Amino acid sequence: MRWFWVDRFTEFVSGSHASGIKNITLAEEAVDEYCPGFAMLPPTLIIEGMAQIGGILVAEHFQFEKRVVLAKVGRAEFLQPARTGDQLTYHVQLDAVQEHGATVTSVSHCGDQKQAEIDLMFAFLEPGRFTDGPLFAPGDLEGMLRMMNFFHVAVDADGNPVRMYDNL
């Protein structure tokens, strides 16, 4: 993944839910250039941040053995912009897992104010479909998860720390 739209995980419960934060700064070109004179994180990148958390939540449910991709934004409602200096808190709930995909519901808060609500659908890529092999080079996904403090907060359904997966 080239761009991170989540700074770190703050909570992760396997098969249930995950939370993370995103700090909005002028250091990111997308914030500075999206709406000149009104620095804000573009709504599409808020969706992407929630999709990154949701995709990891779904992929971890399958021990990172499935190739999980964002397939559809079902509903997206933005209640206020995310401006520089804001810290967004993302909460993602795993709603349903089926044979070919999964759905999550996500909410973003800025302080105690609801900022956005987004429903996302993920698909599992079959081998040989669209791209062969893994979506990440060996070690890249593990490195990304470490940078985002995933292994510091991730627990299984019983509250035990999530183990390192062999295929990361």
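Coordinate-derived values only; no laboratory data. If you're wondering where the values come from, they're calculated on a predicted model, not measured in any experiment. FYI the Cβ positions are ideal-geometry reconstructions off the backbone, even for glycines, and counts take in every protein chain you see.
Within straight cross-link reach of LYS114, meaning Cα distance under 29 Å, which lysines are found once same-chain residues fewer than 8 apart are removed?
LYS114 reaches LYS22, LYS72.
Sort out the exposed loop GluC sites (Glu not before Pro) in the chain (DSSP loop, at most 13 other Cβ within 10 Å) and tell me the longest stretch that has none.
No qualifying site falls inside 100-168, the longest such stretch.
For the pair THR84/GLN98, report the inter-label distance in nm, with labels modelled 7 Å from Cα in the Cβ direction.
Each label point lies 7 Å from its Cα, and together they span 4.4 nm.
For the range 1-72, which trypsin sites (Lys or Arg not before Pro) are both in a DSSP coil and crowded by at most 12 other Cβ atoms within 10 Å?
Those satisfying the criteria are ARG2.
Based on DSSP, what percent of beta bridges with both residues in the chain are antiparallel, to the nearest 5?
95 percent
What range in the chain is the longest one free of chymotrypsin sites (Phe, Trp or Tyr not before Pro) that are in a loop by DSSP and have at most 16 other Cβ atoms within 10 angstrom?
63-129
Which whole-number percent is the relative contact order of the range 33-106 (Cα, under 8 Å, 6+ apart)?
Over the range 33-106, the number comes to 32 percent.
Can you work out ³J(HN,Hα) from phi for every residue in the range 42-57, in order, using Karplus 6.51 cos²θ - 1.76 cosθ + 1.60 and θ = phi - 60°, giving whole Hz and x for Gly and Pro?
x, x, 5, 7, 5, 4, 4, x, 5, 5, 5, 5, x, x, 5, 4
Specify the inter-centroid distance of the range 16-37 and the range 68-137, based on alpha-carbon positions, in whole Å.
A separation of 15 Å, based on Cα centres.
Explain nothing, just the number: relative contact order of the chain, from Cα pairs under 8 Å at least 6 residues apart, as a whole percent.
26 percent
Which entry in (i) 1.06; (ii) 0.96; (iii) 1.09 matches Rg/Rh (Cα atoms, Kirkwood Rh) derived from the coordinates of this structure?
Here Rg/Rh (Cα atoms, Kirkwood Rh) agrees with entry (ii).
In deg cm²/dmol and to the nearest 500, what is the mean residue ellipticity at 222 nm of the chain if only DSSP H runs of at least 4 residues count, each as -39500 (n - 2.57), divided by the residue total?
When only DSSP H runs of four or more count, the value is -6500 deg cm²/dmol.
Projected area of the range 1-100, taken from the Cα convex hull and averaged over every viewing direction, in nm²?
Result: a mean projected hull area of 6.9 nm².
Mind checking the dipole of the range 97-155: about its Cα centre, +1 per Lys or Arg Cβ, -1 per Asp or Glu Cβ, Debye to the nearest 20?
Rounded to the nearest 20 debye, it is 120 debye.
Could you work out the local net charge near TYR165, counting Lys and Arg as +1, Asp and Glu as -1, over the other residues with Cβ closer than 13 Å to its Cβ?
Residues near TYR165 contribute -2 overall.
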